[in-house]
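What follows is calculated from the coordinates using simple rules that are stated; it is not laboratory data. Source: prediction; values computed, not measured. FYI the Cβ positions are ideal-geometry reconstructions off the backbone, even for glycines, and counts take in every protein chain you see.
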């Protein structure tokens, strides 16, 4: 077989063990391990565990274990190389072979291996087909075999007929040549014709499997009438050695291996049916050698599972000779050999060899004997009870198996002693020498001499006549007096530790005894105490305390890589200063073996706030579990106690679970150990008394006295802390202060948003991935930022006292990462402007949708993770978020006024006092006790709230509100209603008052959504006024400023009269100056109001006020004012300066009639509708340059925030179906085919 290259093998070994095993079975996370029902034996409760950190699996039911490669070998019945190849192919690893082979040799080898695979497939097919055939009832009844055993041993039947298997195999695509190679079919050639016929007919078929369970051959037992020897078909017929080598396999080892490992010995029988019958009687640790000859390969194979064999051969001369011959072979191989004879002893204790018997027949005899009535006195003084046949059979089998004896000291010794009565000197000498030579075969010197002493005690003549051959044993070490003095100076505990561990503790360090001099040597001048192991998604770590003899004490975190080698560990402790390790790798491994036993395994919280998997709400300094806050210890670890409700639940605990039993902590390798250590009755009693608790440990990186992630780690997380400094604050008291300080409507909305944010994950899921944003809008000093801070204080000290600055260097990646670090909490972003980059606007929209962003991880590989938004978001700024309609529709608007804020100074001081004392987290902790109520009730209550709110909103607004506007308010109303109705909270307002406040917010939102139409009508009207009515540099000016933006300065009061006159002439209804100024401040092009700016007209000698708008944004909407200079020729200037003169283009002719150049209001709205479609088409994400949508799905997406909704006819009209559409993302085409809309990038020229 060609050798795989080392790089291929290493690539497979580097695969995560859960990825390898998970490709074959479903693994479920439980604690620190992955679990499943074991694929190697039948079970209902999972006992199969995968430990990712160790890269291993282990089944505590059948004791299977190993790495991922060993798992595939055992599961798929493969040798090492085929297992490597299979894993590599599953995981996309390119197979590379030894380059020393020629292409011809490699091709021949591949052909041979394929032929072997074909033969194996044929054998596996035959095993299944034979097992599906019905065995003759006489055979089953005669053997007394149960359906369970027949299935376990896969005993099948080859029916009478020359082509039964052949035809079935051909139908399955397995052809004659392959069946011949497997010896399942014979080929008869006559007159140039090939005739195939089945090898096995009318036989009980017993498949021979290798130790992994792969079928390698068959043994067929003839079921026809018995014939004299040499006549008729043979009793047993095996497949030939071309298909398999009998001496390399033990029948039944694939099934018996777990039982052998558990019993620590194996019964070795001759025949296949002996194995099956032994299994039938519960002796599952039985294998068959398939005859009397025991091959070297079988001995080596058996030694992989045990070193103790009980020979249970047939009770005849051949079996007797086989026992003597094979016992010698096994003894020489280092086995302990016992024997068990399938027969009963006579009155003198001798076996009668005149009546042949085999284990199969003997055990069937015991079954028949067990059917006879039998009575037994259980204990002295008790009445005689009658045993059932099953009890009697069990007793007979146990009595027989207990009669097994040691081969050398019993069988061989008795046989040799029998020569004394023969009066034959030569026979006696031969017997003594033979017994002595048998003892000499034992390789272990201690066992050999001990066996010799036992035999001498039984047979004195042997002791006189035979002396063991002296062998060259390793020379005894000469121990110096100094070494002896050293040993004598050690305590009993130190001597025991040195013997069991290879080192001992002394003088605050670790010491060893030098192998040559015997002197004690210090290898580590400090002791190590592993406090806990942290299972972190980033990099698992150990937290350890290092302490020297001189009192230096240091707690530090070490990665798992730091403990791999002495070099890595030495480098890690060098950073701590003052700690030196002087031992070698072997000594370091011994220390680790001791240190890692019973270490608490803590799980690092995934993020602050709600952790669904652990069922806890995490603060930086503790957890809320079952409604109660539990602070962490000085290392940042919280210990949670989970009462064990019943005895059966113990079996479902994870491996290495720590149980607190009546106040004492016990570390279990497997949950079942508790019954062995404490006793089943005691465990049941303590469980009933509530004194058995499972312990779990949770690590909070920012909670302890030191930061495990480094001193330079961001301390934002540490401020998410519940640590009130005395006093009380209820939810009702806090909410009353909020309403007093910020006004009833804003205050109620803030309180409801805060409550809903505690259950964001539940609401987000019920809303199909949506949770609204709270937007705080107002001028400087209006109190919007203070209001945001008041909400942030409900989760500890705000990590950013001014919020996350959207315009001051914060990256979208950083903001996204922060948003993913808190679940069911709040994050505040400040300085919103409509001029923010599109990437930032997109990130803000993601806050409501909760979508993630792919980010790299700080690990040694190229791993990535999705930073999913988990927190509720607050945004504040002086601009309303009108730049992006989708962002605006996701927001609940709270507008703040400085005059209202200044009215409540006393209440503000009281609120700030609670915030500074940390008492504002008290309502949060109290609310979180009611999480189960909201989780269970939200999905049921939300539709009722939606129906009610939609009806009232329609009455208030006069039109059907869009679904997102309704969902914004319902997301806040529903949790508050659930908590109020249940009577678990009290608020200073009613549910109806909250609903009325949110309806007011909806009305404001609706008005702002209509602002665009009114503002654009206004600006279009003003822009098209005659130049003698609306003059540049007198009524408006356009200038490019240092920030790179082109701005329109408009004197709204100066043009108000002309605007109203012009619009009335068109049949429109103009707005008043106050309303129009309010609308302009809410438009997405609005930048600011300025109180003083200069216009260059001679008629304007003094500075005046103006509204400033983003002129480039207006031009994109088709609104252009007359300009004497082009934008390209315009010079940069400040707000008060004048642009440099530039060549002026031909002035726009403004003498045309206003009514002739201006569309009526209906046409203007049509233009705006067309622009909405343009933005929608341009904003679609295309994959490989195109996307397709069913008509209804496209309309649903388009109309999400449109009032009134588009019809498909309108969409077709405005989308220029079949023509090029010039969108912000480049030219695109929209086409329709069979009710499907296609949007594609335009690749041509135009």
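Could you tell me which of rounded, prolate or oblate describes the range 731-1004, using a ≥ b ≥ c as the square roots of the eigenvalues of the alpha-carbon gyration tensor, with rounded for a/c under 1.5 and, failing that, prolate when a/b is larger than b/c and oblate otherwise? The shape class here is rounded. For the chain, the longest principal axis of the alpha carbon atoms and the long axis of helix 253-263 meet at an angle near 80°.
Taking the C-alpha atoms only, the angle from helix 425-440 to the longest principal axis of the chain is near 10 degrees. Using R0 = 60 Å, the C-beta based FRET efficiency linking residue 1104 and residue 630 works out to 0.40.
Taking every alpha-carbon pair within the chain, the share separated by more than 63 Å comes to 37 percent. Using the Cα gyration tensor of the range 585-666, with a ≥ b ≥ c the square roots of its eigenvalues, what is the shape: rounded (a/c below 1.5), prolate (a/b larger than b/c) or oblate (neither)? Oblate. Extending 7 Å from Cα along the Cβ direction at residue 1213 and again at residue 1184 yields two label points whose distance is 3.6 nm.
Indicate the gyration tensor shape class of the range 154-301 (rounded, prolate or oblate), computed on the Cα atoms with a ≥ b ≥ c the square roots of the eigenvalues: a/c under 1.5 is rounded; otherwise a/b larger than b/c is prolate and the rest oblate.
It is prolate, given that a/c is not under 1.5 and a/b is the larger ratio.
Cβ-Cβ distance of residue 1089 and residue 1115, R₀ of 25 Å, FRET efficiency by 1/(1 + (r/R0)^6): the value works out to about 0.70. Backbone N atoms of the range 295-310 closer than 20 Å to the 7 Å Cα→Cβ label point of residue 332 belong to residues 295-304, 307-310. The stretch between residue 1028 and residue 662 holds 122.2 nm of extra length on full extension. This uses 0.36 nm per residue minus the Cα-Cα distance. Calculated mean residue ellipticity, 222 nm, the chain: -12000 deg cm²/dmol, from DSSP H runs (n ≥ 4) at -39500 (n - 2.57) each, averaged per residue and rounded to 500. For the chain, the longest principal axis of the C-alpha atoms and the axis of helix 963-981 are separated by about 70°.
Between residue 195 and residue 980, residue separation times 0.36 nm minus the direct Cα-Cα distance comes to 273.9 nm.
All alpha carbon pair distances within the range 6-101 were sorted into 5 Å bins beginning at 0; the resulting P(r) in whole percents reads 2, 14, 25, 23, 16, 10, 5, 2, 1, 0. The simple spin-label model puts a point 7 Å past each Cα toward its Cβ; for residue 181 and residue 614 those points are separated by 5.7 nm.
Computed on the Cα trace of the range 691-823, the radius of gyration divided by the Kirkwood hydrodynamic radius gives Rg/Rh = 1.00.
In square nanometres, what is the average projected area of the Cα convex hull of the range 245-403? Mean shadow area of the hull around the Cα atoms is 10.6 nm². With the crude spin-label approximation of a point 7 Å out along Cα→Cβ, what separation in nm comes out for residue 369 versus residue 1193? Spacing of the two 7 Å Cα→Cβ label points: 7.7 nm.
Seen from every direction in turn and averaged, the convex hull around the alpha carbons of the range 481-595 projects onto 7.5 nm². The spread of Cα positions in the range 938-1010, taken along each principal axis and listed from longest to shortest, comes to 40, 26, 16 Å. For the pair residue 933 and residue 514 in one chain, pulling the backbone fully straight at 0.36 nm per residue adds 144.2 nm over the alpha carbon distance. If R0 is 56 Å, the Cβ-Cβ spacing of residue 586 and residue 461 corresponds to a FRET efficiency of close to 0.65.
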